[in-house]
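The values are calculated or read from the model by the stated rules, or taken from the named source; none is laboratory data. What you see is a predicted model; the values in this text were computed from it and never measured. Note that we place each Cβ from the backbone using ideal geometry, even for glycine, and neighbour counts take in every protein chain shown. Areas reflect the complete protein model, heavy atoms only, side chains present, ligands, DNA and RNA absent. Shrake-Rupley method; radii C 1.70, N 1.55, O 1.52, S 1.80 Å.
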Amino acid sequence: MICSFLQKGISTVTTPVFTRLLSTTEYGQYNVFNSWMGIISIFVTLNLCYGVYAQGLVKFDQEKNIYTSSLQGLTLVLVFAWTIIYIVCHDFWDMLFNLSTVQMLAMLVMIWTTAVFNFWAAEQRVLFRYKALVALTVGVSLAKPIVGIILVILAEDKVTARILGLVLVELIGYAALFFIQMHRGKKFFSRKFWKYALGFNIPLIPHYLSQSVLNSADRIMIKNMIGAGEAGIYSLAYSISLIMTLFNTALMNTISPWIYQKIKAKRIKEISSAAYATLIAIAGVNLLLIVLAPEAVRVFAPASYGEAIYVIPPVAMSVFFMYGYDLFAKFAFYYEKTRFIMAASMAGAVLNIVLNQIFISEYGYRAAGYTTLACYMIYCVCHYLFMNKVCDRFCDGIRPYDIKIISGITILFLGTGFILMLTYDHIYIRYGIVVAACMGIFCKRKEIVTIIREKMDIHKTG
């Protein structure tokens, strides 16, 4: 968990440096590049390093080295093929994405190096080998901002310099992992595993694309509808809010293999205790961010980004639902019910674009934060309903979570978050609420723990 946090956290902590080296327009352009990369990487790699790989390591544990090297080989073939397609018609693609040729080629390299690292990191987590993963993560995470700052200071095209800094560090840090896993598996092509991976992930492309749209469309639409400067301000708020997805990623990467093992062993009821605890933890860290939003913006950026504080609360609340949906979707992933996953994801993405088009035009870029929250809430509910269908069919009707407990945590979280947002102009009231809440929880801690345990025991026996 600490490893996952460090991987993203160090670069996030250096955001104040880059917001001062880059103008709001340049910062917006850089974040739009990242948004496009998130979308394009889905088509280029089919996201083979995510769900299908982690699940395959559990399913094919006797052939995991061959499985790994063959998926690395398939990913390289896909990246190479898309690179050829880009080079042949590079003027068209450059104009379509409003990026330079250097930036597009850098993006394709980063898509490959990121996939290589994700394959290796997933393998380390499934095998509970943390030392090498932590060492590499810390080294690369420290090098990225250092190299980036040097290149941005020296270059005239600061956006491209920032991108090339990332490419250089990832090539040096990650490329060797490809050869290590290929040497261990000794199989570039496996008809069995290529067919399995493509058959599993191609139907999931709408799901992964929809996820990327949910994460990225708002910044692209703000830039096109209002301007790059506003996209930069929104991107800062979004980036600060997404600090908390570090906890999402860290916790989920840590417990995903465990959840899959519990599902495989038909020990469904045992999942709930960890799920409730992690949901409460995610709610807590996001409330902490909402409390600190005004101060965080002042630390992360100059006064020109000040309006970003009003975007942070709804996006931070969205992070809670991002984690919740992932808990629910694990069952559909394991039992390969990809049409359920696709349906929920596409509904959320289409709704996000429609709501953005309506409300950004009417109320400005701040509205994108609330459309994001609404879409993730609906997205989460859809995955919960589909999870129940999967459990009814494959788990003898046993459902892992109590909707009353989930709803209670959610309502308390949302209510507290909106109350805290209303106190942004009154710092003493805001921190007074926090102190009073902490004292109340401390004084009633035994009663709270007892109630939670009783609820969980009732659910387990029920």
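Looking only at region 293-311, residues that are more than 21 Å from the chain's Cα centre (by Cα) and assigned to a loop (DSSP other than H, G, I, E, B) come to 2 in all. For beta carbons closer than 8 Å, sequence separation of 6+ or different chains, a first residue in region 266-284 that is in contact (Cβ under 8 Å) with a residue 12 or more places away in the chain and hydroxyl-bearing (Ser, Thr, Tyr) and a second that is surrounded by fewer than 19 Cβ atoms within 10 Å (Cβ to Cβ) and not in a helix (DSSP H, G or I), the qualifying pairs are 272/402. Filtering region 193-244 to residues that are out of contact with any Phe, Trp or Tyr (no Cβ under 7 Å at 6 or more places or on another chain), among the polar types (S, T, N, Q) and over 29 Å from residue 71 (Cβ atoms) leaves 224, 239, 241.
Would you confirm whether or not region 59-71 contains a residue that is among the hydrophobic types (A, V, I, L, M, F, W, C), buried (at least 21 other Cβ atoms within 10 Å of the Cβ) and in a helix (DSSP H, G or I)? Break it down stepwise before answering.
Initial filter on region 59-71 (among the hydrophobic types (A, V, I, L, M, F, W, C)): 60, 66, 71.
If we keep only those that are buried (at least 21 other Cβ atoms within 10 Å of the Cβ) too, we end up with 71.
In the following step, the residues that additionally are in a helix (DSSP H, G or I) were identified as 71.
For region 59-71, residues among the hydrophobic types (A, V, I, L, M, F, W, C), buried (at least 21 other Cβ atoms within 10 Å of the Cβ) and in a helix (DSSP H, G or I): present.
Within region 54-87, the set of residues being in contact with a Leu (Cβ under 6 Å, 6 or more places away or on another chain) and not hydrophobic (A, V, I, L, M, F, W, C) comprises 64, 75, 83. The residue pairs whose first member lies in region 423-447 and is at pLDDT 80 or above and open to solvent by less than 90 Å² (accessible area, probe 1.4 Å), whose second member is of a type in the set (D, E, K, R) and in a helix (DSSP H, G or I), and whose beta carbons are closer than 8 Å, counting only pairs six or more residues apart or on different chains, are 423/430; 424/430.
Considering region 122-139 alone, what residues qualify as being in contact (Cβ under 8 Å) with a residue 60 or more places away in the chain and assigned to a helix (DSSP H, G or I)? Before you say what the answer is, go through the steps one by one.
Step one: list which residues in region 122-139 are in contact (Cβ under 8 Å) with a residue 60 or more places away in the chain, which gives 122-123, 125-126, 130, 133-134, 137-138.
Listed by number, the residues that qualify are 122, 123, 125, 126, 133, 134, 137, 138.
Whenever a residue of region 344-371 is within 22 Å of residue 310 (Cβ to Cβ), its partners that are open to solvent by 50 Å² or more (accessible area, probe 1.4 Å) and not in a helix (DSSP H, G or I), lying with C-beta atoms within less than 8 angstrom and at least six residues away or across chains, give the pairs 360/226; 364/226; 365/226.
Looking at residue 38, is it in contact with a helix residue (DSSP H, G or I) (Cβ under 6 Å, 6 or more places away or on another chain), over 26 Å from residue 85 (Cα atoms), at pLDDT below 90 and of a type in the set (Gly, Ala, Ser)? The answer is no for residue 38. Across region 329-343, the number of residues qualifying as open to solvent by 10 Å² or more (accessible area, probe 1.4 Å) and either without any contact (Cβ under 8 Å) to a residue 60 or more places away in the chain or not in a helix (DSSP H, G or I) (or both) comes to 5. Kindly indicate whether any position in region 312-319 is free of Cβ contacts under 8 Å to residues at least 60 places away in the same chain, part of a helix (DSSP H, G or I) and touching a Gly at 6+ places or on another chain (Cβ under 9 Å). Yes, some residue in region 312-319 is free of Cβ contacts under 8 Å to residues at least 60 places away in the same chain, part of a helix (DSSP H, G or I) and touching a Gly at 6+ places or on another chain (Cβ under 9 Å).
Annotation: of all residues in region 260-277 being surrounded by fewer than 19 Cβ atoms within 10 Å (Cβ to Cβ) and within 22 Å of the chain's Cα centre (by Cα), the one that is farthest from residue 417 (Cα to Cα) is 274.
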